[in-house]
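K.L.:
Take this structure, written in structure tokens, and hold onto it; I'll ask about it next.
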Amino acid sequence: MKLQSLTPNLMVEDVNRTIEFYTETLDFELLETVPEEGVLEWAFVRKDNVSLMFQKEESIRDEYPDLKDQKRGGALTLYIKVEDLKSLYQEIKDEVNLTKEMHKTFYGANEFAIKDPNSFILTFSDVLE
């Protein structure tokens with residue numbers, strides 16, 4: 001078995017508002033939506049090698065009954081390695097909800113974290129190889 005990719009499909013309250021944040025604030029490209037316009041049920045975005053899907057809460061609960069009692073958000077962070085972390089930080093720090101300011105970790109990386117409109121935490125890092 002060879003794994004080819006991993007793209008989280010995240011439960012969100014408002015797909016339109018979510019893709020607005022990801023495309024306008026974080027410069028992701030909107031690749032696909034269902035439906036093609038109007039109030040969206042699902043969307044697929046990508047920036048470089050990072051892909052995410054967002055699905056409206058009611059829709060994903062219908063598709064996956066095991067999610068019926070799960071809260072939106074999640075006890076997880078999405079960890080994103082970035083080439084020019086300091087530039088990204090300067091570009092978005094005043095436009096986002098920072099949950100962790102830029103700092104050096106115990107393992108030597110510089111990182112900062114933000115919260116998206118759905119309370120998902122995105123940690124951006126310049127992890128050293």
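Read-outs: derived from the displayed coordinates by stated rules, not from any lab. Keep in mind the model is a prediction, meaning the values are calculated, not measured. Glycine also receives a Cβ, built like all others from the backbone with ideal geometry; neighbour counts cover every protein chain displayed.
K.L.:
Let me check against my output: what whole-number percent is the relative contact order of region 1-72, with C-alpha pairs under 8 Å and at least 6 apart? Numbers along the way, then the final one.
P.N.:
Values: 105 pairs, mean separation 24.0, N = 72.
Reported relative contact order: 33 percent.
K.L.:
What's the FRET efficiency of ASP27 with LYS68 using the Cβ-Cβ distance as r and R₀ = 25 Å, to the nearest 0.05?
P.N.:
0.15
K.L.:
Right, here's the next one. How about region 69-129: which chymotrypsin sites (Phe, Trp or Tyr not before Pro) there lie in a loop by DSSP and see at most 10 other Cβ atoms within 10 Å?
P.N.:
Of the chymotrypsin sites (Phe, Trp or Tyr not before Pro), the ones in loops of region 69-129 whose Cβ has at most 10 other Cβ atoms within 10 Å are PHE106, TYR107.
K.L.:
Could I ask something else about it? What does the extension gain come out to for ARG61 and VAL39, with contour length at 0.36 nm per residue minus their alpha carbon separation?
P.N.:
Contour length minus the Cα-Cα distance gives 6.2 nm.
K.L.:
Can I ask one more? Sort largest first and round to whole Å: the equivalent ellipsoid semi-axes of the chain, each the square root of five times a Cα gyration tensor eigenvalue.
P.N.:
For the chain, the ellipsoid semi-axes come out as 26, 16, 15 Å.
K.L.:
For LEU3, LEU98, LEU40, what's the fewest-to-most ordering of other Cβ within 10 Å of each Cβ?
P.N.:
LEU3, LEU98, LEU40
K.L.:
How would you rank MET53, MET102, going from fewest to most other Cβ atoms within 10 Å of each one's own Cβ?
P.N.:
Least to most surrounded, the residues fall as MET102, MET53.
K.L.:
Counting helices only, and only those DSSP H runs with n ≥ 4, report the 222 nm mean residue ellipticity of the chain as the sum of -39,500 (n - 2.57) divided by its residues, in deg cm²/dmol to the nearest 500.
P.N.:
-4000 deg cm²/dmol
K.L.:
Out of all Cα-Cα pairs in region 1-72, roughly what percent, to the nearest whole number, are more than 13 Å apart? Could the numbers behind the result be given before it?
P.N.:
Values: 1662 of 2556 pairs.
Looking at region 1-72, the distances longer than 13 Å represent 65 percent of pairs.
K.L.:
First check a/c for region 73-129, with a ≥ b ≥ c the square roots of the eigenvalues of its C-alpha gyration tensor; if it is under 1.5, answer rounded, and if not, answer prolate when a/b is larger than b/c or oblate otherwise.
P.N.:
oblate
K.L.:
Also: Defining a contact as two alpha carbons under 8 Å apart and six or more residues distant in sequence, what relative contact order in percent does the chain show?
P.N.:
Working: 217 pairs, mean separation 28.3, N = 129.
About 22 percent, as a whole number.
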